[in-house]
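Okay, so here's the structure we're looking at.
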């Protein structure tokens, strides 16, 4: 069993079953959406990802990595055409890793399923991968943060400070270590020794990529107010401490 302890619940057409002759040089993209009780927004996110696949002529799939939802998110995702994967190990990082294990695309786009990111903007991330990057990180600070999308404490203190620490410790030119919209080559994600199961997985991915000689790039993205209608899974002080501790230990 993989580190995310995932099992496939429902399948749409697999990306590796699509005839390669349908495109001269097919771009194969898997969208991986970690999900925990996102019934209000999951269908919208899948629709945006699917629209992006169609618009750019990619061969693609949407993988929803469900982390134990109790609000019917799994059924909504399956009805919207996504591949739904059960990830038993709890945590944001565990869910992403379980989704990556199930993905079939050459490129993997990772994005939160709460409606805070516009998946139609992911083409910029994929283009950076096609240009040679191994990991492309979205930057909300170099993009646009809509009113009400990020609490002032996170916008002016937490995220900037932690990202600055990461740049200083590891020499990484990334302005937004914690952006929830990013993309990577699938084989890179599978090769990196990513062990964190929680929110700090986002930081671990960037640092490990740097340590293993991967090429990093970033792309401006938009952050929208989320549509979850419930308390965030993020615990600012606890998760901030975990990010900081991880950077010191790595």
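The values are calculated or read from the model by the stated rules, or taken from the named source; none is laboratory data. As the structure is a computational prediction, the values presented were derived from the model and not from experiment. Every residue, glycine among them, receives a Cβ derived from its backbone with ideal geometry; neighbour counts consider all protein chains shown.
Details
- Filtered residues of the range 128-144 (kept if assigned to a helix (DSSP H, G or I) and crowded, with 23+ Cβ neighbours inside 10 Å): 129
- Here residue 104 clears all of (1) farther than 21 Å from residue 186 by Cβ; (2) assigned to a loop (DSSP other than H, G, I, E, B) except the condition numbered (1).
- Contacts under 6 angstrom Cβ, first residue in the range 152-180 being at negative phi and at pLDDT 85 or above, partner surrounded by 16 or more Cβ atoms within 10 Å (Cβ to Cβ) and assigned to a loop (DSSP other than H, G, I, E, B), 6 or more apart: 180/112
- Scanning the range 208-235 for residues that are at pLDDT 60 or above, surrounded by fewer than 19 Cβ atoms within 10 Å (Cβ to Cβ) and under 20 Å from residue 157 (Cβ atoms) gives a single hit, 225.
- Residue within the range 92-100 that is in a strand (DSSP E or B) and either crowded, with 19+ Cβ neighbours inside 10 Å or out of contact with any strand residue (DSSP E or B) (no Cβ under 9 Å at 6 or more places or on another chain) (or both) present: no
- Test: residue in the range 1-21 that is surrounded by 14 or more Cβ atoms within 10 Å (Cβ to Cβ), under 21 Å from residue 202 (Cα atoms) and at pLDDT 95 or above: no
- Yes/no for residue 50 being outside any loop (DSSP other than H, G, I, E, B) and without any contact (Cβ under 8 Å) to a residue 12 or more places away in the chain: no
- Test: residue in the range 61-81 that is touching a residue at least 60 places away in the same chain (Cβ under 8 Å), outside any helix (DSSP H, G or I) and surrounded by fewer than 19 Cβ atoms within 10 Å (Cβ to Cβ): yes
- Qualifying residue in the range 111-122 (condition: farther than 25 Å from residue 203 by Cβ, in contact (Cβ under 8 Å) with a residue 24 or more places away in the chain, over 16 Å from the mean Cα position of the chain (by Cα) and not in a strand (DSSP E or B)): no
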